[in-house]
1. Between a first residue in the stretch 73-94 that is free of Cβ contacts under 8 Å to residues at least 12 places away in the same chain and a second residue that is open to solvent by 40 Å² or more (accessible area, probe 1.4 Å), which pairs have beta carbons less than 9 Å apart while being 6 or more apart in sequence or on different chains?
2. Looking at (1) out of contact with any helix residue (DSSP H, G or I) (no Cβ under 8 Å at 6 or more places or on another chain); (2) within 14 Å of TYR133 (Cβ to Cβ); (3) without any contact (Cβ under 8 Å) to a residue 40 or more places away in the chain, which is the only condition LEU31 fails?
3. Among what's in the stretch 48-100 and is within 29 Å of GLY9 (Cβ to Cβ) and among the aromatic types (Phe, Trp, Tyr), pick the residue that is most open to solvent (accessible area, probe 1.4 Å).
4. Quick one: VAL134 ticks every box in (1) assigned to a strand (DSSP E or B); (2) under 29 Å from ILE309 (Cα atoms); (3) in contact with a Ser or Thr (Cβ under 8 Å, 6 or more places away or on another chain) except a single one, so which number is it?
5. Here are some residues: ARG337, ARG296. Which one is of a type in the set (D, E, K, R), surrounded by fewer than 20 Cβ atoms within 10 Å (Cβ to Cβ) and within 18 Å of the chain's Cα centre (by Cα)?
6. Taking LEU220 as meeting all but one of (1) within 16 Å of the ligand (Cβ to nearest atom); (2) over 22 Å from the mean Cα position of the chain (by Cα); (3) aliphatic (A, V, I, L, M), write down the number of the exception.
7. Could you please find all residues in the stretch 209-238 being open to solvent by 40 Å² or more (accessible area, probe 1.4 Å), aliphatic (A, V, I, L, M) and under 23 Å from LEU103 (Cα atoms)?
Amino acid sequence: MQLSKISAGNFHDEKIFQFQLSNGWMKVDILSYGATIMSVEVPDRLGVRQNVVAGFHSTEKYMQPHPYLGCTIGRFANRIAGGKFAIDGRTYQLSVNEPPNHLHGGHYGFDKKAWHVINTIEEEDRIGVRFGYVSKNGEEGYPGTLQVTAAFTLTTANELHLQYTATTDKATIVNLTNHAYFNLSAFQSLTIHRHLLKLNAAFCLQRDKHQVPTGVLQALQDGALDFGTAKEIGEGLRLLRDENGIDHTFVIRNYNGSLIPAAELTENISGRKMKVLTDQPGIHIYTANFWNGQLRNDDEIPFEKHGAIALETGFFPDAPNHPNFAGTILKPGEVYRSTTVFKFLNAED
Ligand code: GLA
């Protein structure tokens, strides 16, 4: 196990650091700016280690516009209708950065903040780093000063653990996630059409024309989005037909607040596979529907439409406006906690 800390520039007054975590089999790079997963290098079936997430080597590129590559999303992931919600009868108006809605924490969400380093983690079976960020009362319209931590830990079992906590001094809403995009072929295939996806879900959230949940749960059985048994993503996309791609929240079966399997992604040519476990009720799947090849990685590989898949675990979008969705209100004295595990293995395992 090896952990290194590299100076990676500045953002305003805050120093940026890059952490490299290696367990001998795989290697993960994490950037404090945006609490971002920059790269996840995993061996293919021949032992060739390549990066399976969309990202860059340099800090500067993360400060240019990009579609949330690898970043931590907050204070509230995905959309809030009209940017409005109420707590105890008081209505709050958040910034509207994707009219008419609030998306991914607003104009300057947690993805565009310089997180500070709280500590590194060096134990026998895991190494990692924990970042902190203080989101001020009123930031992007959210009530309460929120103290957030995000820890990224690599274990000897080839698991990357993402753990978040948050506390507040005034009732607010919280829903954190990571927006890493995976292509297990390491972008040797320019789309994820041939990746096999399996989801531990029997329902997804019905959406309105602005992609906000209506509150209705849609049964998936035998439909385009039924990934109950592993299926090629391309097949799902073909069946969806008129739609751009998958940009849906799936309801994780048997959610009970403990860590349970949510998804499995396999790419048979490289022989790479990953499992996603979470203690959250939902997983939002997004197949990079708006990528158009203009953005490229450091090897000049273009990020094409359907070039990768984001598996964003968390509460449901717009949950504060749906009494039938699990609650996202955090009160003073309470601790918000969320854990997600990305486990990497060989396709045969
Ligand atoms: C989420 C949203 C998408 C899109 C991406 C980022 O997955 O649901 O519509 O905004 O993030 O580009």
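The values are calculated or read from the model by the stated rules, or taken from the named source; none is laboratory data. Keep in mind it's a predicted model, so treat the numbers as computed, not measured. Positions of Cβ are generated from backbone atoms using ideal geometry, with glycine treated the same way; all protein chains shown enter the neighbour counts. The area values use the complete protein model at the heavy-atom level, side chains included, leaving out ligands, DNA and RNA. Shrake-Rupley method; radii C 1.70, N 1.55, O 1.52, S 1.80 Å.
1. Every condition considered, the pairs that remain are THR91/LYS84.
2. So the condition that LEU31 fails would be (1).
3. The extreme case among them is TYR68.
4. (2)
5. The unique qualifying residue is ARG337.
6. Here LEU220 clears every test but (1).
7. Once the filter is applied, which keeps residues that are open to solvent by 40 Å² or more (accessible area, probe 1.4 Å), aliphatic (A, V, I, L, M) and under 23 Å from LEU103 (Cα atoms), the stretch 209-238 yields VAL216, LEU217.
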